[in-house]
Amino acid sequence: MSGNSLVLPIVLWGRRAPTHCISSLLVMDDFATIITGCHDGQICIWDMTPELEISPRALLFGHTASITCLSKASMGSDKQYLVSASESGEMCLWDVSDGRCIEFTKLACAHTGIQFYQFTIGTQREGRLLCHGHYPEILVMDATSLEVLYSLVSKISPDWISSMSIIRSHRTQEDTVVAVSVTGILKVWIITADVSRMQDVDPVFEEESKPIYCQSCQSISFCTFTQLSLLVVCAKYWRVFDAGDYSLLCSVPSENDQAWTGGDFIAADKVIIWTEDGCSYIYKLPPSCLPASEHFRSDVGKTKESSIPPLVYSIADCADKQLLICPPVTRFFYGRREPFHKLLVQGDSAGRLSLWSIPETSPLQPLSSAAELQVSSTISLQEAFDKLAPRPAGIIDQLSVLPGSEEPIKVTASVYIPAQGRLVCGREDGSIILVPATQTAIVQLLQGEHMLRRGWPPHRTLRGHRNKVTCLLYPHQVSARYDQRSLVSGGVDFSVIVWDIFTGEMKHIFCVHGGEITQLLVPPENCSTRVSHCVCSVASDHSVGLLSLRERKCIMLASRHLFPIQVIKWRPCDDYLVVGCSDGSVYVWQMDTGALDRCVMGITAVEILNACDELAPAAVDALNHPAVNLKQAMTRRSLAALKNMAQHKLQTLATNLLAADNADKGNLPKYSHNALVVQAMKTNVTDSDMHVLFFDVEAVIIQLLTEEAQRPNPTLVSPETLQKAPGGADKGGSLLASKIFKQVKETIKENIKEHLLDEDEEEEEEMRRREEKSKSLSLLEYNLTMDTAKLFMSCLHAWGLNGSLDEVCLSRLGMLKPHTPISFGLISRGGHMSLMLPTFKESLLRRLALAEPEEAGGRKLSVSEIVGKGTYGVSRAVTTQHLLSVISLANTLMGMTNATFVGEHMKKAPTRPPRPGTPETLRKSGPPPPTSSPALQAQIKQGWSQLAAMHCVMLPDLLGLEKFRPPLLEMLARRWQDRCLEVREAAQALLLAELRRIGQSGRKDTIDMWAPYLPQYVDTVSSHPPLPSPTDTLRPPQVPPHPSQPSPAPPFDPPAWTLFHFLSFLPLHPSLSSPVVLGQSG
Amino acid sequence: MTAASQAERTVLEDEFNWLLKEEVHAVLKQLQDILKEASRRFSMLTPGLEGQLKQENFILGSSTMDQVKGVLTLQGEALTQADINIKVAKSSQVLHFAFRDDKQWKLQQIQDARNHVNQALHLLNSRDESYHFKTGAEVNKLMDAVMLQLTRARNRLTTPATMTLPELATSGLMKMFSPAMPGDVMVNFYINLSKLCLVVYQLHVLQPNTTKNFKPAGSSVLHNPGAMFEINNAKFEVSHVHKVECVVPWLNDTLVFFTISLQLCQQLKDKISVFSSFWNYRPF
């Protein structure tokens, strides 16, 4: 999925819903899902019941600019795909069920409209996307690969297409594309089977081109009821045309200066037209427009402006218009299946969706006064958030609610320091909070004794800014050349403050800018010494400053840019700072002298920016758009994770080496705790931060194993664990690595020893002193690895399915139950991400309630029922990821000594005297379990083993098939050879369990589905005697089975190969007749 | 910057209301006037002839070299006539090409710029004097949308599309001339800032089994001599590049209009942001 690593996000949304200023919307064919795109580039998936109740389910991240259009991209109801396009030319194909990005591409031009079109040649069905936008053609793309196949071109006065409609003909194989250009010329293209089949050939020219004098055309729609007329809506009038010869049937001007923005047919004789300010009107068409009437076409060639036809209904905008900051989006959708809804859907800038169900019949009252149609259902994202109890948690809500106030203080900027496991949050009131990240996340997500403590977890507050903190930077994290004590913050009070995070002291205040600080950056590595001790600050007065942390003064201020700064780039070798502004101009500043070297625009500007990229791709920083930052952060984060992985491997090996012959383990280097990364995100600059916790399963496992190997008392370590730990680490690396490792073993050992022992004594001395000094002020130290594992396992466990196991988990293993359903996320290709909204359970619960009405109607669903189970019913990809994580972690913990989350060993540092106000009894709620007792050890191990077993094999039975989304075989097959041994074992166990569960018929279906994608010679293997030959029942899969490969899989695709190979030998596999062996198979 | 006093707040609020009520509309009016003027430049009519776009002739040449000379006729967004004279260096032979009578070449850059301006105007027209802006965010949103269109319009003129040489060789432009363009000459037209540019590439064929390192050139606005490409299994190298240009006065005007309007928009946004920093707790 996301490269190789298994990373699970958990979101803490906070009470304020993200800004969602709706720019486009779509109702899926099954009328169970509504999709909205917003101006900030996110896409929201809403669930809709047949009773038209709606609740938001997930938010999709990936686009960096406003969403311009949405379209379905598949025909079937079994797999629903969605395509989205943004203002910057990005296109993305998503799976609607779980929000995975399946394919993405970027074109130079922006689309303003996309329509899905399926054509059939014989039995073969293929999906096409017809796109139009800021270019004169209609581009035809493949709906799965997003490749441009050919284009529909105009010969006569080509111009941008403002809207388009596809007329499907049932009589012939020819379909017609009708479009109106911005200059008001109607264009007609015929798509024949020949045209659809061709690829890479000459463009298709229009069949007909007719000026219809429709300036600023907003929409064109074809009457699907009569198939004989077309509706064209322009800003100031709407017109009906004959669909045969495109002659004008009637033209209706707008009243009271309203601007129409679209319309559609709702019946053979009625149209609905909507305005820019969100009102809609249903008109009865005059007889001259009705093919059924004898007056049809009676007015052709006569009238220019008809009178206004009778108004049947008027639909006023229900929302409070005070808050709207841009015109709402309105669309009409007509259900072609049960329950045949005719829905008018409107989305506005406050993130509100409103639905009107259009009745079939006209109101009985006289038509002179049009009846007002009442809204059927309406909800905004914020309302959905407000309805929840408890309210969606923010990362430090418990520390931010002031006495006497309901709402917590907003977090406006955050930075996570992985080396210390600390989260730094800047808030609206100007204070900055330092808090242990896992502890605060546990408070927000899980139930436990911590709920009784006020001001928990221990934190520190830095006060200095007079108003909102807008950005935070911990320079040491970016480059080791900075002092690890310095933290830099910028605020709306125009100041930049440097803090010492160990003492909490304010070191310096820079007041050099004339506007709010919008961004803080770190210059690249190879700058001059003077510059390399600076941080770069960007302010809203369009100025850039280089603030030297060492000299405590501003060494350069580049101001007077006319437009907001969009990007900062560096040319360290030339001593240049390159500033890109939002209007496309580029300013080149000399860093040493502060002189403006040049200011350019156009091609030169683009070239200068590109030249900087070539030199230092890492120094790129787009500032303006939060989504850009997010995407970059995502990609960088995974890169960093990979890098860290490499380091971990070395460290693991080194630790083991040293552990073997070095008794003094107190000196061992500490690891950075990158098993957890906390990333703050906002969808809009005005929003408060929401926080995403990224758990890297592999890193958690490696850290756990490393800590196990480091355990100070060797008598406690059982021999099998000792064997396992280094073994696991070695096998975790590649085969080649182990060979190399052996060779360099000695060298590394020496190096590490040297590094540890030959440290400059004075410095060491100073460090010690500093540590002693800072200790009094530092926060409580925790065993971060175990804390992370505790948080993660508690979130993943399917609570409420097995009472006795839950009890064991709580008391023996020290896990905690969540307060509310946990909002997980799913990372897919290219840093695209889907995050569940806190309301995602609503629709699941509703589905449950529908499945068992008598049960749900009788009693309210218990908390554990709402809280547990859930994530395994969301989607197959989510189930796969979660099961893999929970099983591999449980197996790891099973192999560890004292692997429980209760007891004194969770606290690393000696316990400090209890904080005032904290009752002593709470601190020690029970006697610490005697860690050395072998019986207890066995119980703990058994607990983990039960946990793993339940998730591996019992889940489908316990949950019931209708609530369980089984794991995806191909995703498991991909992990068959995962580099991390624990993940590999978990994948193998799960794959076996799943294959057994689906039974013979299921396995056969799988083979049938995959067979066409495999190399030919496999057939000899697959026709192995015990197998039913797949070839005689070969049928083409409707959609490519593995979403990561939308185009037919290459012949030697490894997962397909593994899976198929595995399937073909399956019936002979011995373990299928015996229970799956769990745990340590090594 | 301590918290503003109550009196100060009242004054600020009044000032902000004035900004929303008066100043915003004044700026919008000014913007509309400028953009109408810009939009008009794209469809100048011939005086006397009804509905006929004005035709203008441009002589493209350079004072230092006279190998290439072009006379182009621009009518709105289309080049309706073109006469190109190329002096081949070694043979001192002069090649002459002209557009076929039935063909004209549309300059997509101009059409795009025109459409973007019209879209910006459309956005502004929807918010006339009678419209009452209620929040600063509303104004910002409108300005963002307008600025996006204006930036696009300007960028279309300031940054011509980059093309690879095979793309150029297969484009419809090569088939527009009479006599037909020989295989070793390619031409391209584009707009750079306010200048109409003509680029003539002279090519020579590389031997199929040439010892020279063949490295196809990427996309560029203007390729340099030595750039290589392959098309239909034949390899070519650019031997000479001639670029001639001529300023189109009305394009220069539009660029100035775009720049002024963009600055007006940004100044309005900056004014609003000044107020928003005083009331952090109110959504402006």
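The values are calculated or read from the model by the stated rules, or taken from the named source; none is laboratory data. These figures come from a predicted structure and were not determined experimentally. FYI the Cβ positions are ideal-geometry reconstructions off the backbone, even for glycines, and counts take in every protein chain you see. When the accessible area is computed, the model is the full protein with side chains, heavy atoms only, and any ligands, DNA or RNA have been set aside. Shrake-Rupley method; radii C 1.70, N 1.55, O 1.52, S 1.80 Å.
Return the pair list, or none, for Cβ contacts closer than 8 Å from residues in region A:445-465 that are within 30 Å of residue A:509 (Cβ to Cβ) to residues that are modelled with pLDDT under 70 and among the basic types (Lys, Arg), at least 6 apart or on different chains.
Final answer for the pair search is A:455/A:915; A:458/A:915.
Give B:126, B:62 a once-over and let me know the one that is touching an Asp or Glu at 6+ places or on another chain (Cβ under 9 Å), farther than 30 Å from residue A:68 by Cβ and of a type in the set (Ser, Thr, Tyr).
B:62
Run down A:293, A:247, A:288, A:254 and say which single residue is in contact with a Lys or Arg (Cβ under 6 Å, 6 or more places away or on another chain) and of a type in the set (Gly, Ala, Ser). Walk me through how you get there before you give the answer.
Values: A:293 fails: in contact with a Lys or Arg (Cβ under 6 Å, 6 or more places away or on another chain); A:247 fails: in contact with a Lys or Arg (Cβ under 6 Å, 6 or more places away or on another chain); A:288 fails: in contact with a Lys or Arg (Cβ under 6 Å, 6 or more places away or on another chain).
Exactly one residue qualifies, and that residue is A:254.
For region B:132-168, which residues satisfy the criterion of being open to solvent by 50 Å² or more (accessible area, probe 1.4 Å), facing another protein chain (nearest Cβ under 10 Å) and not hydrophobic (A, V, I, L, M, F, W, C)?
Scanning region B:132-168 gives B:134, B:144, B:152, B:155, B:156, B:162.
Take residue A:560 and decide whether it is modelled with pLDDT under 90 and assigned to a loop (DSSP other than H, G, I, E, B).
Yes; evaluated as a whole, the condition is true for this residue.
When residues of region B:34-55 are filtered for being among the acidic types (Asp, Glu) and at pLDDT below 90, how many remain?
Keep residues of region B:34-55 that are among the acidic types (Asp, Glu), which gives B:37, B:50.
In the following step, the residues that additionally are at pLDDT below 90 were identified as B:50.
Residues in region B:34-55 being among the acidic types (Asp, Glu) and at pLDDT below 90: 1 in total.
Out of curiosity, is residue B:183 closer than 26 Å to residue B:233 by Cα, within 12 Å of chain A (Cβ to nearest Cβ) and of a type in the set (Gly, Ala, Ser)?
no
Listed here are the residues, each with its yes/no results for (1) open to solvent by less than 40 Å² (accessible area, probe 1.4 Å); (2) within 14 Å of another protein chain (Cβ to nearest Cβ); (3) not in a strand (DSSP E or B).
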site	(1), (2), (3)
A:462	yes, no, no
A:472	yes, no, no
A:502	no, no, yes
A:506	no, no, no
A:509	no, yes, no
A:520	yes, no, no
A:525	no, no, yes
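So which residues in region A:474-500 are more than 14 Å from chain B (Cβ to nearest Cβ) and in a strand (DSSP E or B), if there are any at all?
A:486, A:487, A:488, A:489, A:496, A:497, A:498, A:499, A:500
Which residue out of B:88, B:117 is in contact with a strand residue (DSSP E or B) (Cβ under 9 Å, 6 or more places away or on another chain) and in contact (Cβ under 8 Å) with a residue 60 or more places away in the chain?
B:88
Matching residues to (1) at pLDDT below 90; (2) closer than 30 Å to residue B:30 by Cβ; (3) open to solvent by 70 Å² or more (accessible area, probe 1.4 Å):
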{"residue": "B:213", "(1), (2), (3)": "yes, no, yes"}
{"residue": "B:230", "(1), (2), (3)": "yes, no, yes"}
{"residue": "B:267", "(1), (2), (3)": "no, yes, yes"}
{"residue": "B:276", "(1), (2), (3)": "yes, yes, no"}
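Using the structure shown, decide if residue B:129 is open to solvent by 10 Å² or more (accessible area, probe 1.4 Å), closer than 30 Å to residue B:22 by Cβ, more than 11 Å from every other protein chain (Cβ to nearest Cβ) and not hydroxyl-bearing (Ser, Thr, Tyr).
In short, yes.
Give the residue that is surrounded by the fewest Cβ atoms within 10 Å (Cβ to Cβ), with candidates limited to residues of region A:17-75 that are at positive phi and either without any contact (Cβ under 8 Å) to a residue 60 or more places away in the chain or away from chain B (no Cβ under 14 Å) (or both).
Residue satisfying both the conditions and the ranking: A:52.
For region A:92-105, give me each residue that is surrounded by fewer than 23 Cβ atoms within 10 Å (Cβ to Cβ), within 15 Å of residue A:129 (Cβ to Cβ) and not β-branched (Val, Ile, Thr).
Hit for region A:92-105 is A:104, nothing else.
Go through region A:262-281 and give me each residue that's under 23 Å from residue A:335 (Cβ atoms) and under 39 Å from the mean Cα position of the chain (by Cα).
A:262, A:263, A:264, A:265, A:266, A:271, A:272, A:273, A:274, A:278, A:280, A:281
Scan region A:184-199 for residues that are surrounded by fewer than 20 Cβ atoms within 10 Å (Cβ to Cβ) and at pLDDT 85 or above and jot them down.
Of everything in region A:184-199, those that are surrounded by fewer than 20 Cβ atoms within 10 Å (Cβ to Cβ) and at pLDDT 85 or above turn out to be A:184, A:188, A:190.
With of a type in the set (Gly, Ala, Ser), outside any strand (DSSP E or B), under 29 Å from the mean Cα position of the chain (by Cα) and at positive phi as the only criterion, which of B:226, B:218 stands out?
Exactly one residue qualifies, and that residue is B:226.
Looking at B:119, B:202, can you tell me which residue is away from chain A (no Cβ under 11 Å) and either open to solvent by 10 Å² or more (accessible area, probe 1.4 Å) or polar (S, T, N, Q) (or both)? Even if it seems obvious, please write down each step before you answer.
Working: B:119 fails: away from chain A (no Cβ under 11 Å).
Exactly one of B:119, B:202 is away from chain A (no Cβ under 11 Å) and either open to solvent by 10 Å² or more (accessible area, probe 1.4 Å) or polar (S, T, N, Q) (or both), namely B:202.
Among residues belonging to region A:106-129 that are away from every other protein chain (no Cβ under 14 Å) and among the polar types (S, T, N, Q), point out the one that is least open to solvent (accessible area, probe 1.4 Å).
Filtering first and then ranking leaves A:118.
Any chance you could count how many residues in region A:134-152 are open to solvent by less than 30 Å² (accessible area, probe 1.4 Å) and within 11 Å of another protein chain (Cβ to nearest Cβ)?
3
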